[in-house]
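To start, the structure under review is shown below, and the notes come after it.
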Amino acid sequence: MEDTELCIQIGNRIKQLRNEAGLSQQELAFRCGFETSNMCRIEAGKTNPTIITLYKISKALQVELDKVVK
């Protein structure tokens, strides 16, 4: 799997989990301490999030980190 494909896959998973939690992109970004534009790029797979970023997202979604990257 190429890096770009992996970023898109993770972004899609974050979007899915966010929707399941009933959160807007803006609300999730706020909970993580990110700008909404950053969350948009992450969900679109246009950036390679760090492990710290993924950890913050998992905590904001109240899921284990492995759920975000599966």
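The values are calculated or read from the model by the stated rules, or taken from the named source; none is laboratory data. All figures in this text were calculated on a predicted structure; none of them were measured in a lab. We place every Cβ from the backbone using ideal geometry, glycine too, and count neighbours over all the protein chains shown. Areas reflect the complete protein model, heavy atoms only, side chains present, ligands, DNA and RNA absent. Shrake-Rupley method; radii C 1.70, N 1.55, O 1.52, S 1.80 Å.
Do we have Arg41 as at pLDDT 95 or above and touching a Ser or Thr at 6+ places or on another chain (Cβ under 8 Å) here?
Values: at pLDDT 95 or above: yes; touching a Ser or Thr at 6+ places or on another chain (Cβ under 8 Å): yes.
So Arg41 passes the test.
For segment 36-46, which positions are within 13 Å of Asn12 (Cα to Cα) and surrounded by 15 or more Cβ atoms within 10 Å (Cβ to Cβ)?
The first filter runs over segment 36-46 and keeps only residues within 13 Å of Asn12 (Cα to Cα), leaving 39-46.
Across segment 36-46, the qualifying residues are Met39, Cys40, Arg41, Ile42, Glu43, Gly45.
Within segment 53-63, does at least one residue satisfy the condition of being over 11 Å from the mean Cα position of the chain (by Cα) and free of Cβ contacts under 8 Å to residues at least 60 places away in the same chain?
yes
With the requirement that a residue be in a helix (DSSP H, G or I) and either closer than 21 Å to Asp3 by Cα or of a type in the set (S, T, N, Q) (or both), what does segment 57-70 give you?
Correct list: Ile57, Ser58, Leu65, Asp66, Lys67, Val68, Val69.
Taking the condition of being out of contact with any helix residue (DSSP H, G or I) (no Cβ under 7 Å at 6 or more places or on another chain) and either more than 17 Å from Ser24 (Cα to Cα) or charged (D, E, K, R) (or both), how many residues in segment 54-66 meet it?
2
How many of the residues making up segment 1-43 are closer than 17 Å to Lys67 by Cα and either polar (S, T, N, Q) or part of a helix (DSSP H, G or I) (or both)?
Matching residues across segment 1-43 total 19.
Take the residues in segment 1-35 that are open to solvent by 50 Å² or more (accessible area, probe 1.4 Å) and β-branched (Val, Ile, Thr); name whichever of them is modelled with the highest pLDDT.
Ile8
What about Thr50, is it at pLDDT 95 or above, of a type in the set (Ser, Thr, Tyr) and open to solvent by 70 Å² or more (accessible area, probe 1.4 Å)?
So Thr50 passes the test.
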